[in-house]
Amino acid sequence: MAECYLIGISGGSASGKTSFIRALRDHFSEDQVGLLSQDNYYLQADLHEKDENGQINYDLPRCIDIPAFLGDVHALKKGIPVRRKEYVYQLEGYEPAEFRVDPAPVIIVEGLFIMHVRELFDELDLKLFIDADDPIKFKRRLERDTRERGISSEQVTYQWENHVQPAYRKFLEPYKNESDIIINNNEHFRTSLQVITDHIKRILHP
């Protein structure tokens with residue numbers, strides 16, 4: 001199998017990365033476009049750094065098992081399948097499922113810090129940055145975390161102000177203008193989705 005085409009997708013928390021990727025992959029089969037998510041490479045919570053108030057900060061690059069993540073990217077590029085257990089965010093009693101990512105002509109690599117990790121950044125063939133205004137991202141995160149993760153609105157606000165936004169300014173925003181394409185997702189990403197879909201089709205069928 002020829003070496004795959006790597007598409008890196010990053011962007012701030014609640015910018016819409018997951019929604020964009022889901023919509024993009026709906027246009028292709030799994031054997032055409034694979035997905036490797038940084039979210040499944042979080043270290044155990046007891047290894048994470050705590051802030052001055054004793055709260056775990058999940059929004060730091062060192063929370064991620066970078067060597068394992070890079071190793072699996074390299075494996076997929078060589079045509080080797082990857083097996084991994086999903087990361088379960090603060091859901092007690094839930095047994096994480098094992099999943100497999102098979103090599104494909106196009107692999108999407110997504111996550112908060114994929115551009116901050118320079119070794120990975122330099123290997124990406126196309127770099128996409130999903131962007132949205134801060135109030136919109138905060139509203140989305142508040143709705144998601146209170147509904148899906150059972151986190152109180154007070155805790156969501158604390159994390160946003162003390163962890164999420166400082167990490168965004170330090171580890172994500174500096175790479176925004178190094179991206180090949182910045183996708184505005186304040187309201188929708190329909191036009192950008194069509195552009196990227198057409199681009200992938202040209203890669204698959206040159």
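On the given criteria, is R100 surrounded by fewer than 16 Cβ atoms within 10 Å (Cβ to Cβ) and under 30 Å from P206 (Cα atoms)?
yes
Could you tell me whether Y58 is under 26 Å from I151 (Cβ atoms), in contact (Cβ under 8 Å) with a residue 40 or more places away in the chain, open to solvent by 50 Å² or more (accessible area, probe 1.4 Å) and assigned to a loop (DSSP other than H, G, I, E, B)? Give the derivation first.
On the way: under 26 Å from I151 (Cβ atoms): yes; in contact (Cβ under 8 Å) with a residue 40 or more places away in the chain: yes; open to solvent by 50 Å² or more (accessible area, probe 1.4 Å): no; assigned to a loop (DSSP other than H, G, I, E, B): yes.
The answer is no for Y58.
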- prompt: Just checking, which of L24, L76, L36 is outside any loop (DSSP other than H, G, I, E, B), touching a residue at least 60 places away in the same chain (Cβ under 8 Å) and touching a Phe, Trp or Tyr at 6+ places or on another chain (Cβ under 9 Å)?
  reply: L36
message: Considering only residues that are among the aliphatic types (A, V, I, L, M), touching a Ser or Thr at 6+ places or on another chain (Cβ under 7 Å) and under 17 Å from N186 (Cβ atoms), which ones fall in region 108-149?
response: L128, I130, A132, L142
message: Among the residues in region 131-138, are any assigned to a strand (DSSP E or B), open to solvent by less than 50 Å² (accessible area, probe 1.4 Å), closer than 29 Å to Y5 by Cα and in contact with a Pro (Cβ under 9 Å, 6 or more places away or on another chain)?
response: no
- prompt: Residue check: is S37 hydroxyl-bearing (S, T, Y), touching a Leu at 6+ places or on another chain (Cβ under 7 Å) and buried (at least 19 other Cβ atoms within 10 Å of the Cβ)?
  reply: no
message: I'd like the residue in region 144-194 that is assigned to a helix (DSSP H, G or I) and among the small types (G, A, S) and, out of all such residues, is surrounded by the most Cβ atoms within 10 Å (Cβ to Cβ).
response: A167
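The values are calculated or read from the model by the stated rules, or taken from the named source; none is laboratory data. Everything quoted here is computed from the prediction, not taken from an experiment. With ideal geometry, Cβ positions are generated from the backbone for all residues, glycine too; neighbour counts draw on all protein chains shown. Remember, those area values only see protein heavy atoms, side chains included, never the ligands or the DNA or RNA. Shrake-Rupley method; radii C 1.70, N 1.55, O 1.52, S 1.80 Å.
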